[in-house]
1. Using helices alone, what [θ] at 222 nm do you get for chain A, with -39,500 (n - 2.57) per DSSP H run of 4 or more residues, divided over all residues and rounded to the nearest 500?
2. Provide a whole-number value for the mean count of partner chain Cβ atoms within 10 Å of the Cβ atoms in peptide A:121-131.
3. Using C-alpha positions alone, give me the convex hull volume of the range A:242-293 per residue in cubic angstrom.
4. Please average, across the residues of B:66-74, the number of beta carbons from any other chain that are within 10 Å of each residue's own beta carbon, and give a whole number.
5. Specify whether the C-alpha gyration tensor of the range A:96-253 places it in the rounded, prolate or oblate class, a ≥ b ≥ c being the square roots of the eigenvalues: rounded for a/c under 1.5, otherwise prolate if a/b is larger than b/c and oblate if not.
6. Considering Cα pairs under 8 angstrom that are at least six residues apart, work out the relative contact order of chain B and quote it in whole percent.
7. Going by average Cβ density within 10 Å per residue, which order do the peptides A:389-395, A:75-81, A:311-317 take, highest to lowest?
8. Most mobile of A:169, A:147, A:137 per a Gaussian network model of chain A (Cα springs, under 10 Å)?
């Protein structure tokens, strides 16, 4: 089996428009959550979210591109551009033919759905823009990334709700590991902070009206974010042969299904995925220094996730650091695992553990070292990134320093 | 009204083709203007929105039907015909 490394990273998310800005914000414990600035916000009960700030599509794309790019595609294309640039790869010949794009998104072009429904239902119009379908389809982002960089290998989109990005990156990992491709572009993107998107989430009654406080006893729900992060995954030997800078090694991946409930998480399903990723990486729980938690800030997730970690790690659970960066960038739904992988890379590369901000009161059900409020310096050699989706679909990645 | 219709259609085509209005001649074809099939459906949409009418156009058979898209002039007269058919 081939070893897989990360040789490029790019992002645009509520904490910044680049990886450097995001790492800095995470290290400083900055909060990207604020009052939502969207149409009809006064008709929403939930009025906060983590939006991508200081962003105008017109600064990055011409009118033709904007006509075809939903916001989730725009974010993916921008993040991919950074990642490919950092990797230094130019895709032509056999490399182009074998390199593909696997991205995660839960909702695809939700803003496009929202706008065209408004046009026909609210404004009573009988026609919509001709590109509604190519804008809203879930694979639009992956396809546009493939077109921008001439990537002609295996390409598709994974939609497993909040685990979409981790499932996508796990697939890309396995594709390189098995020798099917030497390079894959992977990650995720989401943008559903529009009236219809937030209204749908309100219905579940799991959203916080005032902030995201994962693992804190006074937590009262999740806060939604938007954005993308994209990575270049590469065969280790391929990367070494061309002298590429290696950010981290993707060492293992595991996915499980709870097969129990469409929204409530299961500690057993999560534990099987966590344990499975450690084993797949050839590591032991004692090797893991940091876990980027799924940590949504809901009552159900945080308690279940902590129980799962304790189950897998036993007494070492008290020594492992576990933080939820959703407290800063919000829950990017299908894009969340990709942005969270940045925190994992920062931990391995820079020895900076991103904090769980907004932590106010200890919760006996979440009695782990959640790196409360302030980032920490610590040398770790291996880390995990958890994602546990609605529908009981779990995906955990293991990364190692290189 | 004719002048107005013509000007508005030329503006729509020029916008799609990223050309100056002065570069769009009445005898120009869509090919001359660099308007591909994707841009054409955007033009049709813009014409429908601008004039509040339904253009009979199927992208599977762009050349068939009443709506003649062979030149700028033919598009203008096709739109004019549709406008006169509109109930008042």
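We did not get these values from a lab; they are worked out from the coordinates using the rules stated. Computed from a predicted structure; not experimentally measured. A quick note on method: Cβ atoms are made from the backbone with ideal geometry, for glycine too, and the neighbour counts reach across all protein chains shown.
1. -10000 deg cm²/dmol, from helical runs alone.
2. That works out to 3 on average.
3. Values: hull volume 6.7 nm³, N = 52.
So the per-residue Cα hull volume is 128 Å³.
4. Values: counts 0, 0, 0, 0, 0, 0, 0, 0, 0.
Counting other chains' Cβ atoms within 10 Å and averaging over B:66-74 gives 0.
5. Numbers: a/c = 3.26, a/b = 1.44, b/c = 2.27.
It is oblate, given that a/c is not under 1.5 and a/b is not larger than b/c.
6. 30 percent
7. Final packing ranking: A:75-81, A:389-395, A:311-317.
8. A:147
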